[in-house]
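Here the structure is laid out as structure tokens; the discussion comes afterwards.
The values are calculated or read from the model by the stated rules, or taken from the named source; none is laboratory data. Since we're looking at a predicted model, the values are computed, not measured. Reconstructed Cβ throughout: ideal geometry from the backbone, glycine too, with neighbour counts over all protein chains shown. With ligands, DNA and RNA removed, areas are computed over all heavy atoms of the protein, side chains included. Shrake-Rupley method; radii C 1.70, N 1.55, O 1.52, S 1.80 Å.
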Amino acid sequence: MHPPSRTYRQNRRWQDLYPTSRRSHPGTNRGKRRRRHLIPVHSTSEPADPANLRTRREILEVLWRQGLKGRALLEEHTHLIDTHLRQKFTACPAAAKGLSLVAVGGYGRSELFPFSDIDLLLLHQPEQEEALTTVTEAIFYPLWDAGLEVGHSVRTIDTCLSDAAEDFFFRVALLDARFIAGDKSLFDQLQSAYQERFILGQRLSFLEDMTCHRDERHRRFGLHSYRLEPHIKEIRGGLRDIQAMLWTAKVVFGLKDLCSLRDAGLLTENEHQRFEGAWEKLIEIRNRLHYISSRKNDQLYFEHQEEIAKALNYRNTKGIIAVEHFMREVHTHLQTIAATTDLFFEHVFDVLNTQPATAQTDDTQELEPGIIARKGRIRLTAPEHLADNPSFLLKIFYHAASAGLPVHHLTRKIIKANLELLNDELRSNRQMARLFINILCQDKAPQSVLESMLECGVLTAYLPEFSHLKSLAQHDIYHVFTVDLHLLQTVTILHQLASDQANIFRIITAPHMLYLAGLLHDIGKGYGVDHEHKGAELARQIGDRLGLDVHEQELLNFTVANHLFLTNTALRRDLDDAGMIKRCAERIGSLEKLALLYLISIADAMATGPTVWNDWKAALLLDLYLKIALLLEKTGEGPQDLSAGIEWIREKVLDRLSGSSPVDLTMLPDDYLLNFAPEEIADHIRESQKLRDQDLIVVPHDRDGHWSILILTRDRPGLLTKIFGVISLNNLRLLAAQIFTWPDGTVVDVINVQSVYDKSHADQDWRQFSSDLQKAINHRLGLEYRLRQKHQSSRKGSAKIQAPAKVVFDNEASDTYTIIEVYATNQPGIAYAISRTLTDFQINVFRAKIGTRSDQVVEVFYVLDCDERKITEKDVLEEIRQSLLHSAQLP
């Protein structure tokens with residue numbers, strides 16, 4: 001069905017035709033290349049009908065599959081559409097003098113990607129109004145019939161100018177205007193009028209508008225080029241940044257393309273070559289994204305990353321899989337463009353004698369001989385100072401960190417060109433080590449300074465061990481950024497925690513070791529071995545070079561080697577297990593080391609991604625910290641006698657029951673009494689009395705960051721499996737489960753959950769949950785087929801980043817239970833499947849906790865066999881392992 005013919009009225013606004021959410025923001029032309037005709041995609045002799053146009057675009061895709069790529073593909077596509085439009089325009093009798101067909105946007109730049117909009121402007125003189133309907137139908141309808149996306153407008157010169165004055169996107173679109181067919185003089189008039197209205201004398205206002213839109217785009221799509229699912233077009237360092245630079249170069253300097261910037265001295269030959277190469281690679285990736293998606297898609301999602309990496313023949317190596325090699329190159333290209341365009345815009349601000357709004361002062365201040373602060377930037381006064389004093393390579397950034405000011409773009413260029421001065425002698429220099437540590441400890445702008453050091457190459461030149469992490473992607477759904485940026489963000493968050501967790505931070509006698517450990521905690525990644533221990537090995541090597549004393553070295557190595565210990569323990573172990581807490585305290589050994597691990601655990605999680613750190617994990621980690629801290633403070637005391645504490649709990653419960661309990665408190669298990677507060681136990685006893693008339697009691701509570709569901713019923717086979725199944729069926733995410741059975745057969749389970757869809761507690765249908773559970777425990781609900789039916793549709797088309805499933809048995813961490821850890825792809829119903837397998841072996845589950853590890857979920861069960869003993873027989877454990885591995889696989 002065609003769009004209605006009156007949609008291209010003369011006065012239609014550009015933004016109405018090109019919604020910001022979908023239309024291309026055009027750029028400028030690069031230097032022309034000779035077009036390669038592999039086979040005749042276009043012809044001036046054949047009729048330009050829709051079927052023919054579709055056929056030729058299909059041929060173009062065949063050429064792409066045969067190797068036509070990059071800009072050559074865009075030029076072929078552009079020429080194909082140009083030929084079609086010229087034929088249509090020439091064949092239309094109404095297309096007389098006073099009408100001009102103009103390509104704008106990406107099409108105007110001859111950058112027509114496979115599924116991009118074809119941006120067209122039908123320019124006309126006012127007296128040609130009557131011919132518009134005939135001409136527009138002749139031009140645009142065949143494109144729609146061929147299934148193409150057409151961004152079209154019909155305007156006079158006056159309406160072009162008035163709309164461009166109101167709409168910045170249309171204004172830059174006209175910068176790329178290219179004549180296709182019709183009245184060339186009319187197009188020339190538009191060009192002249194545009195030049196006079198929007199370029200002559202408008203350089204500063206254009207720069208301000210461009211900077212505003214560029215900053216907003218970066219905030220929306222990503223301030224960093226290190227995002228793990230980057231938007232190739234809009235992210236910082238993406239194709240839009242290239243166009244922003246070229247638009248600005250055209251308006252401010254009158255430069256038409258990238259070669260012109262090089263010839264004008266704005267880019268060195270090396271910068272030009274690297275930029276040109278990065279640009280070409282992003283074009284290739286965007287072409288491929290369009291074709292494999294069969295639509296306009298510019299976001300490099302995980303599933304596309306894997307497909308492209310395979311198509312481009314990337315291979316796994318030790319420690320780094322193929323897709324991570326591919327994404328490392330992508331991030332390198334994005335960073336090349338980001339750094340170059342940032343430097344360009346800073347240069348333009350200098351040329352126009354203005355400065356960004358963040359600049360704090362125009363007064364020149366000498367920070368030390370050779371280094372000054374001027375107009376809100378740290379600068380070298382002369383390039384030769386670096387050769388005379390190579391320590392300036394770090395001193396520049398020390399002053400930037402101390403003042404909270406960025407380093408001037410020319411100074412950054414000078415630093416990049418002199419990195420060879422950072423040799424082994426300087427890396428072992430104690431003065432340089434103090435400068436580096438002091439940079440880490442400055443809290444005014446830690447991340448921007450560290451990012452600047454990374455982009456300039458100083459960080460990797462000073463710490464060669466860090467080079468391995470440059471742009472290293474982690475192909476999982478939790479890490480939002482590459483490893484190098486994650487480490488810089490960790491340091492930044494540690495500075496925030498210095499005030500947010502001031503009481504704990506004060507315990508640390510060497511806080512500079514906390515910041516250094518934050519920077520190095522993942523330095524062992526990418527080697528194909530345990531990154532904690534490899535990281536500790538590299539940290540010791542770095543510490544020796546920095547001249548750390550024995551105490552500092554011990555703190556650094558311990559923190560790096562154990563930075564996941566508290567998090568893994570909090571999420572995967574029973575925090576009421578006194579023996580486990582005692583072993584944790586023995587392993588950590590001191591309050592200072594505990595404080596280091598606690599703070600770095602928080603910072604690491606917060607820097608990983610928005611879904612990793614939440615109130616539930618914060619509460620678990622704090623609970624573990626406090627229990628270990630209490631034990632460390634009581635070192636030297638004898639073992640605790642729990643009997644007095646248990647008797648005290650019974651007395652308090654009885655008080656809350658008004659002195660009379662319908663349940664014999666002496667029969668309640670000790671571990672049950674120790675796991676709940678007296679008021680909670682009293683509530684359980686009151687609720688349990690309803691079981692005289694009801695088969696099931698379900699009481700949900702809204703807790704801080706999660707929901708707690710109290711479930712009381714009579715014990716029966718497979719009960720926990722059915723509870724887990726109903727939880728998944730009702731779109732709830734299992735966090736933890738405390739599972740108890742009183743001697744009279746009353747089951748008291750407390751299940752902690754979160755909503756999969758972020759519903760509020762009030763919006764969750766708890767009546768439906770209770771009804772489903774009632775049916776399930778009475779064999780009136782087919783959980784197996786319902787769960788399979790429910791989740792099959794949700795899995796279709798979704799990214800499935802699968803690490804191999806793994807099962808680990810631990811008979812040492814708990815004095816009472818065998819602990820089973822199942823590592824599996826995070827998917828709905830996984831706890832149900834695993835619990836059902838355990839039921840098959842008549843294994844009793846007493847605790848369950850759900851943690852995460854990279855892109856996997858970790859289901860942890862505290863279990864005993866049917867005789868309430870630990871499971872120790874090797875052949876039985878192996879049989880359980882194989883069965884659990886089978887359950888953990890995606891269907």
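The H on the amide N of ILE871, modeled in the peptide plane, is under 5 Å from the matching H of THR818, ASP865, each at least 5 residues off or on a different chain. If you take the Cα centroid of segment 579-623 and the Cα centroid of segment 722-751, the two points sit 26 Å apart. Summarising the label geometry, the points placed 7 Å from Cα in the beta-carbon direction at SER185 and ALA94 lie 2.4 nm from one another. Using r as the Cβ-Cβ distance of LEU691 and CYS866, and R0 as 25 Å, what FRET efficiency do you calculate, to the nearest 0.05? Efficiency at R0 = 25 Å is approximately 0.50. Using a probe of 1.4 Å on the protein chains alone, the accessible area found for LEU622 is around 70 Å².
A Förster distance of 60 Å, applied to the separation of the beta-carbon atoms of ALA382 and LYS634, puts the FRET efficiency at 0.45.
Residues HIS531, HIS77, HIS701, ordered by accessible area of protein heavy atoms at a 1.4 angstrom probe radius and largest first, appear as HIS701, HIS531, HIS77. Accessible area per residue for the chain, computed on protein heavy atoms with a 1.4 Å probe, is 42 Å². Apolar share of the accessible surface for the chain: 49 percent from carbon plus sulfur atoms, 1.4 Å probe. LEU712 sits among other residues whose Cβ lies under 14 Å from its own Cβ, and their net charge, with Lys and Arg +1 and Asp and Glu -1, is -3.
Here the gap between ASP263 and ASP744, fully extended at 0.36 nm per residue and compared with their Cα-Cα distance, gives a gain of 164.3 nm.
Calculated [222 nm] ellipticity per residue, helices only, for the chain: -16000 deg cm²/dmol; basis is -39500 (n - 2.57) per DSSP H run with n ≥ 4, divided by all residues, nearest 500. With the simple spin-label model, which puts each label point 7 Å out from Cα in the Cβ direction, the THR55 to VAL351 separation comes to 5.0 nm. Shown in residue order for segment 659-667 are the 3J(HN,Hα) couplings computed by the Karplus curve 6.51 cos²θ - 1.76 cosθ + 1.60 at θ = phi - 60°: x, 9, 10, x, 10, 5, 5, 5, 8 Hz (x for Gly and Pro). Backbone amide hydrogens, once placed in the peptide plane, bring LEU367 within less than 5 Å of ILE372, ALA373, excluding anything fewer than 5 places away on its chain. If R0 is taken as 22 Å, the Cβ-Cβ distance between VAL550 and GLU425 corresponds to a FRET efficiency of 0.35. The protection proxy used here, the mean number of other Cβ atoms lying within 10 Å of each residue, ranks peptides 496-505, 585-594 as follows, highest first: 585-594, 496-505. Sorting GLU76, GLU129, GLU537, GLU61 by solvent-accessible area of protein heavy atoms yields GLU537, GLU129, GLU61, GLU76, largest first, with a 1.4 Å probe. By the scheme Lys and Arg +1, Asp and Glu -1, what is the net charge of all other residues having a beta-carbon under 12 Å from that of GLN125? Computed value for this residue: -3. Accessible area per residue was computed with a 1.4 Å probe on protein heavy atoms; PHE841 scores about 70 Å². Solvent-accessible surface (1.4 Å probe) assigned to ASP815 amounts to roughly 110 Å².
Net charge in the neighbourhood of ILE751 (other residues with Cβ under 13 Å of its Cβ; Lys, Arg +1, Asp, Glu -1) is +4.
Could you pull out the pairs from LYS534/LYS806; LYS582/LYS722; LYS69/LYS256; LYS722/LYS806; LYS69/LYS233; LYS375/LYS444 whose alpha carbons sit more than 28 Å apart here? Checking Cα-Cα distances, LYS582/LYS722 exceed 28 Å.
Here, P(r) means the percent of Cα pairs in each 10 Å bin from 0 to the largest distance; for segment 186-259 it is 19, 39, 30, 11, 2. Residues VAL808, VAL750, sorted by accessible area with the largest first, give VAL808, VAL750 [1.4 Å probe; ligands and nucleic acids excluded].
Ranked by the mean number of other Cβ atoms within 10 Å of their residues, highest first, the peptides 455-468, 288-301 come out as 455-468, 288-301. Here the spin labels are modelled as points 7 Å beyond Cα on the Cα-Cβ line, and at ASN313 and HIS213 they lie 4.1 nm apart. Could you tell me the distance between the Cα centroids of segment 685-705 and segment 277-307, to the nearest Å? Using only Cα atoms, the two centres lie 53 Å from each other. Can you tell me, using C-alpha contacts under 8 Å and at least 6 residues apart, the relative contact order of segment 217-352 as a whole percent? RCO, segment 217-352: 32 percent. With bins 5 Å wide beginning at 0, the percent of Cα pairs of segment 639-685 falling in each bin runs 5, 23, 39, 22, 8, 3, 1.
Couplings 3J(HN,Hα) for segment 229-238, derived from phi with the Karplus relation 6.51 cos²θ - 1.76 cosθ + 1.60 (θ = phi - 60°), are 10, x, 8, 4, 8, 9, 5, 4, x, x Hz, where x marks Gly and Pro.
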